[in-house]
Amino acid sequence: MAKITETAWIWRDGEFVRWQDATVHVLAHSLQFGSSVFEGIRCYGTPRGPAIFRLEDHLGRLLDSCKIYRMEPKYSLDELVAACCELVERNGLDACYLRPMVVRGYGASGMVPFDSPVEVFLPCWPWGAYLGDGALENGVDACVASWNRMAPNTIPMMAKVAGNYLSGQLIKMEALRNGFAEGIGLAPNGMISEGSGQNLFVVHKGTIYTPTINGTLLHGITRHSILALARDMGFPVREQELPREMLYTADEVFLTGTASEVTPVRSVDRITVGSGKRGPITTQIQQRFLDLVRGTGEDPYGWLTYVRAERASKQSV
Ligand code: PMP
């Protein structure tokens, strides 16, 4: 699996520190109690230099996660946008992955976090295909996990917080140990929820379905992008509850996420999905998505933040 490739600089509370100096104490609240909120964001190499996909939306979700957990970071959305752009440039990167984190540091002795300082870190590093080479073209084999996702109103799934990823780790480890590339979690009511780190789409007789936002899954930014692109391409799209068996009878299944982009699923529980290859609708949507994020297709939504243009506009103010 992917190991982190170190880069030179990490932004920490307003200044750039060396990669190895971006540390927290072993008794940091987030380390003890899982209370670190974070984001995963991709920056793409484009003909106009590095461009970050839906940067403001990701940072907006980060600040929403903070709000849910009553954390008050000292930085505004605009300041974080500027810091992310400077980070990519300082590290001399083109395509990379950014992992903003807001952590509760060292201070509180117990679970109540208010005596721990809220600290912001922005690391980034180069990262390729999350589900392995060839996954985007050939698809992956997935299984339905024996672990369910969290129930609504237990641990809020609309906050992207470290503790939630205990569920993802159980699902993913089980899948890998059983010879699958990815695991799909069901909601407590048995309906389809999402992958360990991706949202899920099913294509059935020309209609594109995805589970509705129901408190068991993350409202993925790639999910939102794919819904918009698919609608604008003229496909019928529905957000609704989906029973597990739709995975087996689907013409196509694909996963979406910042890391996974648009990854076809070629089998679920060793039952072949459709033709067992990347399907025609998945292919069209994936191509449109990849063209947009790589800066070679139209971006009528303004989803790309071009790092150099953004920095130039701020410096001229
Ligand atoms: N669900 C989970 C559990 C995730 O971790 C992710 C990745 N952030 C997603 C869905 C996809 O979200 P996004 O498209 O915003 O990356």
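The values are calculated or read from the model by the stated rules, or taken from the named source; none is laboratory data. Predicted model only: the values in this text are computed from it and were never measured. Neighbour counts run over all protein chains shown; Cβ positions are idealised from the backbone, glycine included. Surface accessibility is based on the protein's heavy atoms, side chains included, excluding ligands, DNA and RNA. Shrake-Rupley method; radii C 1.70, N 1.55, O 1.52, S 1.80 Å.
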Cβ-Cβ under 8 Å, sequence separation 6+ or interchain: first residue in the stretch 208-219 and outside the structural domain of residue 186 (by TED's automatic domain parsing), partner away from the ligand (no atom under 11 Å from the Cβ) and not β-branched (Val, Ile, Thr). Which pairs? none
Residue 116 being more than 30 Å from residue 310 (Cβ to Cβ), of a type in the set (S, T, N, Q) and touching a strand residue (DSSP E or B) at 6+ places or on another chain (Cβ under 7 Å): yes
Take the stretch 78-119 and flag every residue that is in a helix (DSSP H, G or I), closer than 26 Å to residue 43 by Cα and open to solvent by less than 50 Å² (accessible area, probe 1.4 Å). 80, 81, 82, 83, 84, 85, 87, 88
Strands (runs of 3 or more DSSP E) lying entirely in the stretch 1-64 (those with 1 or more residues that are under 22 Å from the mean Cα position of the chain (by Cα)): 9-12, 41-46, 49-53
State all residues of the stretch 66-104 that are among the small types (Gly, Ala, Ser) and in contact with a Phe, Trp or Tyr (Cβ under 8 Å, 6 or more places away or on another chain); if no residue qualifies, say none. 83, 95
If you go through the stretch 250-264 one residue at a time, do you hit one that is modelled with pLDDT of 95 or more and surrounded by fewer than 14 Cβ atoms within 10 Å (Cβ to Cβ)? no
Hey, any hits in the stretch 272-288 for a residue that's closer than 28 Å to residue 188 by Cβ and away from the ligand (no atom under 14 Å from the Cβ)? yes
Members of the stretch 38-70 that are away from the ligand (no atom under 16 Å from the Cβ) and either small (Gly, Ala, Ser) or open to solvent by 10 Å² or more (accessible area, probe 1.4 Å) (or both): 45, 46, 47, 48, 49, 51, 67, 69, 70
I'm checking my understanding of the structure. Among residues of the stretch 217-233 that are among the charged types (D, E, K, R) and more than 13 Å from the ligand (Cβ to nearest atom), which one is farthest from residue 249 (Cα to Cα)? 232
